[in-house]
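K.L.:
Supplied in structure tokens, the structure appears directly below.
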Amino acid sequence: MKFLILTHGAGSNRNAPLLVAVANAFAGVGVEVIRYDLPFRQERPHGPPRPGDAVRDREGLREQVLKAREREPERVWLGGHSYGGRQASMLAADAPGLADGLLLLSYPLHPPRKPEQLRTAHFPKLETPALFVHGSRDPFGSPDELKQALSLIPAASHLLEIEGAGHELGRNAAATAVKILEEFRAVGFLA
């Protein structure tokens, strides 16, 4: 049994079309996908997380991974879109070995138009292999900026660029999900 715990961005929830499409694609190859609403979203149906929410959100993700581990799976992957992926990567950096791999969709490298405010302080501690999926027109960081940031990560990290896509990773979530699954398999995460 293999698990993928997948969470959402700051303005969304577990039912975001991209998360649903990724869950469907992975379920089609026998991966059990848990689409998880972060604690801030469980508390408030709308609005972005507040600065103090991040620690609780990471603890919620940790609990989900530990629940999945109780079922003695072959693998547990952790991931999310934007804010959710950032929290997943920060948790993995703080807890090496908690997850077997990361699937980071539209990692928010920096706020739009503020490239000096990089969100990479934890990258040098990241020992968990990661697949980053990033749109070529993402205002939260260009693919070139992301490639440079990935050099800070000691674990194996891969980048799948979605040509022409912005932060939402394109309008056709199902087609994007198939590309993500194919790349996940190609880099050896899904044997």
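K.L.:
Summing +1 for each Lys or Arg and -1 for each Asp or Glu, what net charge is found among the other residues whose Cβ lies under 14 Å from the Cβ of LEU131? Don't skip to the answer; put the middle values down first.
P.N.:
Values: positive: ARG75, LYS147, LYS179, ARG185; negative: ASP100, GLU161, GLU182, GLU183.
Summing Lys and Arg as +1 and Asp and Glu as -1 gives 0.
K.L.:
Follow-up. Tell me the label-point distance for the pair ASN24, LYS179, using the 7 Å Cα-to-Cβ offset, in nm and rounded to one decimal.
P.N.:
Each label point lies 7 Å from its Cα, and together they span 1.8 nm.
K.L.:
Tell me the label-point distance for the pair SER151, HIS46, using the 7 Å Cα-to-Cβ offset, in nm and rounded to one decimal.
P.N.:
With each label point 7 Å from Cα toward Cβ, the separation is 4.5 nm.
K.L.:
Then there is this: Please give every one of the aspartates and glutamates within straight-line cross-link reach of LYS67, meaning a C-alpha to C-alpha distance under 16 Å, and leave out same-chain neighbours fewer than 8 residues apart.
P.N.:
Partners found: GLU32, ASP37, ASP57, GLU59, ASP100.
K.L.:
Straight-line reach from LYS179: which aspartates and glutamates have Cα under 14 Å away, leaving out those fewer than 8 places along the same chain?
P.N.:
Leaving aside aspartates and glutamates fewer than 8 places away in the same chain, those within reach of LYS179 are GLU161, GLU163.
K.L.:
Enumerate the calculated ³J(HN,Hα) couplings along the range 34-39 in order (Karplus 6.51 cos²θ - 1.76 cosθ + 1.60, θ = phi - 60°), each rounded to whole Hz, writing x wherever the residue is Gly or Pro.
P.N.:
My calculation for the range 34-39 gives 10, 8, 10, 7, 4, x Hz in order.
K.L.:
Need one word for the range 1-102: rounded, prolate or oblate. Basis is the Cα gyration tensor (sqrt eigenvalues a ≥ b ≥ c); a/c below 1.5 gives rounded, then a/b vs b/c decides. Write down the numbers at each step before the final one.
P.N.:
Values: a/c = 2.04, a/b = 1.28, b/c = 1.60.
Taking the square roots of the gyration eigenvalues as a ≥ b ≥ c, the range 1-102 is oblate.
K.L.:
Assuming R0 = 22 Å, what is the FRET efficiency of GLU63 and GLU32, from their Cβ-Cβ distance, to the nearest 0.05?
P.N.:
Numbers: r = 17 Å, r/R0 = 0.75.
Here the calculated transfer efficiency is 0.85.
K.L.:
Let me ask you something else. If the only charges are +1 at each Lys and Arg Cβ and -1 at each Asp and Glu Cβ, what is the size of the charge dipole of the range 2-186 around the Cα centre, to the nearest 20 debye?
P.N.:
So the dipole magnitude of the range 2-186 works out to roughly 340 debye.
K.L.:
Could you tell me the center-to-center distance, by alpha carbons, between the range 1-43 and the range 98-136 in angstrom?
P.N.:
So the separation of the two Cα centres works out to 18 Å.
K.L.:
So who's got an amide H within less than 5 Å of the one on ILE5, skipping anything under 5 residues away but keeping other chains? H placed 1.01 Å off N, in plane.
P.N.:
Under 5 Å from the amide H of ILE5: ILE34, TRP77, LEU78, GLY79.
K.L.:
Over the chain, what is the relative contact order in whole percent, taking alpha-carbon pairs under 8 Å and six or more residues apart?
P.N.:
Numbers: 385 pairs, mean separation 37.3, N = 191.
Computed over the chain, the figure is 20 percent.
Read the figures in this text as sums done on the coordinates, not as results from a lab. These figures come from a predicted structure and were not determined experimentally. Quick reminder, even Gly has a Cβ in these numbers, built from the backbone with ideal geometry, and neighbours come from all protein chains shown.
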